[in-house]
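The values are calculated or read from the model by the stated rules, or taken from the named source; none is laboratory data. All values derive from a computational prediction rather than experimental measurement. Please note: Cβ atoms are built from the backbone with ideal geometry, for glycine as well, and neighbour counts cover all protein chains shown. The protein model used for the area step is the full one, side chains on, heavy atoms only, and it has no ligands, DNA or RNA in it. Shrake-Rupley method; radii C 1.70, N 1.55, O 1.52, S 1.80 Å.
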Amino acid sequence: MTGPETVDRVLISAAVVLVVVAGALLLFRISRGPSMLDRAIALDVFAAVIIAGLGAKSAFARDAFYFPIMLVLAFLGFTGSVGIARFIAVRDKPLPRRKPAGKEGRK
Amino acid sequence: MNVWLQIADTAGAVLVLLGAAISLLGVVGMVKLPDVLSRSHAATKPQTLGLLLVLAGVALRLRGGMDLATLALIGFFQLMTGPVAAHLVARSAYRTGQIERGELLFDDLDAQLTEPGQEPGAGTGPDAGQEPGGGHGTGR
């Protein structure tokens, strides 16, 4: 293994570490998002992070095997958040967060 | 090995690392920001810029025609579906009152949603039934 290939391996391994840390933080946000909309956004970003991780794996191995999976995730990853935002979030209101003074003040 | 191919490989690895770093920055913003709207604003960064950088890096390392076409298609779908999801989530957050009204500097939509005859609390407007849960009518 030559020197530049070692540099490539180190760079992509660092990218994988960053992606895994991002996924862990997103799991934290999904676990305690105050509302369903936060979880919806976090799931949407989670699909993007999975695509980035699969892309890092493909770049590491020079392998196009996971490209259809990335394609399907990019195409269908937004349906979950759209469904939650359109049909579920109106029934799942955690707390009324409007302040009474704000409502009276805006005519 | 050709030196230009090696340069393309290393540039691809650097782009993958840069895209992963931007994704991590956007996710940190999602964890730390306080509101649904600001979290949605932070969520757009890993979805578009970080993912496009990662895909460009992969395209620099796999230099086949079919692979480039598939990667371009992935980026295109992500660019197309990201704004739709962000728009619907923000709209639902506004209509169910899950945003911090004290933090908004301007609220151009509010005057349109509370036309005379659809005041909050009236509940008898012509389209009061169109909006499940009441939207702006539930704020007390």
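Assorted remarks:
- Residue among A:11, A:18, A:25, A:43 that alone is in a helix (DSSP H, G or I), more than 9 Å from chain B (Cβ to nearest Cβ) and at pLDDT 85 or above: A:43
Yes/no matrix, rows are residues, columns are (1) modelled with pLDDT of 85 or more; (2) farther than 26 Å from residue B:84 by Cβ; (3) among the β-branched types (Val, Ile, Thr):
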residue	(1), (2), (3)
A:72	yes, no, yes
A:75	yes, no, no
A:81	no, no, no
A:84	no, no, yes
A:90	no, no, yes
A:93	no, no, no
A:99	no, yes, no
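- For residue B:108, the test of being over 20 Å from the mean Cα position of the chain (by Cα), of a type in the set (Asp, Glu) and modelled with pLDDT of 75 or more is failed.
- Selection from the range B:53-94 of residues that are under 16 Å from residue B:9 (Cβ atoms), open to solvent by 20 Å² or more (accessible area, probe 1.4 Å) and without any contact (Cβ under 8 Å) to a residue 24 or more places away in the chain: B:64, B:67, B:68
- All conditions but one from (1) at pLDDT below 80; (2) more than 8 Å from every other protein chain (Cβ to nearest Cβ) apply to residue A:30; the one that does not is (1).
- Comparison of A:58, A:35, A:31, A:81 shows that the only residue that is more than 30 Å from residue B:6 (Cβ to Cβ), of a type in the set (Gly, Ala, Ser) and over 15 Å from the mean Cα position of the chain (by Cα) is A:35.
- One residue stands out in the range B:95-106 among those that are open to solvent by 50 Å² or more (accessible area, probe 1.4 Å) and in a loop (DSSP other than H, G, I, E, B): the one that is nearest to the other protein chains (Cβ to nearest Cβ), namely B:104.
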